[in-house]
Structures are given as C-alpha cells and as structure tokens.
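Enquirer: Take this structure first; my questions come after.
Throughout, read-outs are computed from the coordinates displayed, never taken from laboratory work. Everything quoted here is computed from the prediction, not taken from an experiment. Methodologically, a virtual Cβ is constructed for each residue, glycine included, from the backbone with ideal geometry; neighbour enumeration extends over all protein chains shown.
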Amino acid sequence: MKIINGMKVYVEPSYEEMSTLAARLVGAQIRLEPNSVLGLATGGTPVGMYKELVRMHKEEGLDFSKITTFNLDEYYPLSRESDQSYYYYMTDHLFSHVNINKDQIHIPNGEAKEVELECINYEKKIQKAGGIDLQVLGIGNNGHIGFNEPEESFAKRTHLVDLVEDTIQANSRFFDSIDDVPKQALSMGIGSIIKAKKIVLLANGSHKAKIIAETIYGDVRPQVPSTILQFHPDVTFVLDAEAAAELKKYIK
Ligand code: F6R
C-alpha cells in the first residue's frame, strides 16, 4: 500500500485479488461496526467483491443483519423488475445471498413519478440513517462516480442525470442493444458521496489506467468528477495492476 496525495492506494496483481481485498475492507467495516451504513456501487467492477462478500457470509459468518445500504444510482426510467435494473443486480449479486434486512436496503426508485421528491426523500433517508460510513465506488472512463458525469460544477445532491454518450456506450454491454440503455439515471450527487466517512474506489483493467492517474494526480475539477476525491480525508483505491499502470510514471 502506498499513500499518494493523502490517499491510500493498493495495487493487486489480478482482478480476483483486487476483489478479495475490497471485500476484506468492507468485511472489516461490517465486523467492527455491525450496524454500519454502506454506500454501494453496481457495474462490472464490484461483481467479484460481492461474490467474495457472499462467500464470507456463508463460510465465515459475516453478519449483514444490522447493515443498512444505499446504492449510488439507478437507471431512469426503468422498472426494478427489469433484469437490467440496479435493483435486480444488487438482489442477484448480494442481497438474496446474505442475511440483510430487506427494509434496510435503499436504491433510488427508477419508476418514481415525482422525481424531485424521490431525490429529496433519498437524501433524507441517508441523513436519517446517520450518513454513510463506507462508500464503495467504481469509476467511469470519463471520471464519473455514481452517475455524476463531467459538468461545469459539482452536482451536490441526489438528482436526475442525463447520461453522456460515452457512458451509454460503455454500459451497452449489459443490454441487448445500445438503444435499450436508458438515457437517464437517478444518482447520488458528488456532495452526497463525499460526505461518506470512508470511501473505497475499485478499478480494474487497462481502460481505467488513464482516468485513475488523472483522479489521483490531476487538477480537481468538475469536468473530471472523480478528482474531488483528493479533497476527501479517507479514500482508499483498490486497483488491479492494469488500472494502476499509468501511476508507475509517478510512483518512485
Ligand atoms: C455504478 C456506478 C458507476 C460505475 C462506473 C463503472 O453504480 O455508479 O459509476 O461504477 O460506471 O462501471 P464498471 O464497473 O461497469 O466499469
């Protein structure tokens, strides 16, 4: 582990090892504070971490019974029953395999009629739960965290986002065709994310190498939303060697 710009950076040889380490960090949080509030991400990156957390639950008794969760985002509009929804993803990869209390799970409602109200209520629920203790993040190729796309200013709270072409393109791999990818999403804002006490960001693959280096070393600016993490007091990057490749230039 190296400390770079005040942030912890772990570089693991493979995706599997990256996933195991990320699961250990989340597992440690759960063991130390069994009633933790976790912020969770979806996408391809954390699949291995969820698999390992499920194993830790089944084989090591990792107890989710007092855990509360808030997911970062959900496509809009999309029914939670759709097998492309993040609700479905979370059920499939984690929630149906562990002893989490279903009342303690929160995911923005991709079918909400009153979007504004849904966003305000989501924030209220996070506040009422006492804020997020540990937030898990992935990262988009363009530096989005949650679905906070590059903008002229940092989005503060949960809001409706227009997904940019790059994100629609990247996420089309999970859909039958690119036309099926929703063009919008509900996402926690940058302000909501950086209020988390701890943040763990996962990234793997050579396609993430450039954005990881920029996130850690680049100027902090809303055009690369992930750079805001440089201002957070407790961020841990868990990377595989490919995603860390561009850091070599900087690590002595
Ligand atoms: C998902 C999310 C997104 C993803 C990002 C990376 O809940 O908030 O920011 O983390 O798009 O996605 P993958 O892991 O598929 O490369």
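Enquirer: Please determine, by comparing only the residues of the range 184-200 that are part of a strand (DSSP E or B) and within 24 Å of Ile30 (Cα to Cα), which one is farthest from the ligand (Cβ to nearest atom).
Expert: Lys198
Enquirer: Identify the residue in the range 216-237 that is surrounded by 15 or more Cβ atoms within 10 Å (Cβ to Cβ) and part of a loop (DSSP other than H, G, I, E, B) and, among all such residues, is nearest to the chain's Cα centre (by Cα).
Expert: If we take residues in the range 216-237 being surrounded by 15 or more Cβ atoms within 10 Å (Cβ to Cβ) and part of a loop (DSSP other than H, G, I, E, B), then His232 is nearest to the chain's Cα centre (by Cα).
Enquirer: Within the range 160-183, does at least one residue satisfy the condition of being surrounded by fewer than 20 Cβ atoms within 10 Å (Cβ to Cβ), more than 15 Å from the ligand (Cβ to nearest atom), touching a residue at least 24 places away in the same chain (Cβ under 8 Å) and in a loop (DSSP other than H, G, I, E, B)?
Expert: No, because not a single residue in the range 160-183 is surrounded by fewer than 20 Cβ atoms within 10 Å (Cβ to Cβ), more than 15 Å from the ligand (Cβ to nearest atom), touching a residue at least 24 places away in the same chain (Cβ under 8 Å) and in a loop (DSSP other than H, G, I, E, B).
Enquirer: Another one. Run down Gly48, Gly39 and say which single residue is within 15 Å of the ligand (Cβ to nearest atom), in contact with a helix residue (DSSP H, G or I) (Cβ under 9 Å, 6 or more places away or on another chain), among the small types (Gly, Ala, Ser) and over 22 Å from Ala209 (Cα atoms).
Expert: Exactly one of Gly48, Gly39 is within 15 Å of the ligand (Cβ to nearest atom), in contact with a helix residue (DSSP H, G or I) (Cβ under 9 Å, 6 or more places away or on another chain), among the small types (Gly, Ala, Ser) and over 22 Å from Ala209 (Cα atoms), namely Gly39.
Let's see how each residue does on (1) over 26 Å from Lys195 (Cα atoms); (2) in contact with an Asp or Glu (Cβ under 9 Å, 6 or more places away or on another chain); (3) touching a residue at least 60 places away in the same chain (Cβ under 8 Å):
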residue	(1), (2), (3)
Gly6	no, no, yes
Glu33	no, yes, yes
Ala41	no, yes, yes
Met49	no, no, yes
Arg55	yes, no, no
Tyr75	no, no, yes
Tyr89	no, yes, no
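Enquirer: Let me ask something additional. Please name all residue pairs, on different chains or six or more residues apart, with Cβ atoms under 6 Å, provided the first residue is in the range 94-119 and is touching a residue at least 40 places away in the same chain (Cβ under 8 Å) and the second residue is among the small types (Gly, Ala, Ser) and surrounded by fewer than 17 Cβ atoms within 10 Å (Cβ to Cβ).
Expert: Filtered contacts from the range 94-119: Asn99/Ser65.
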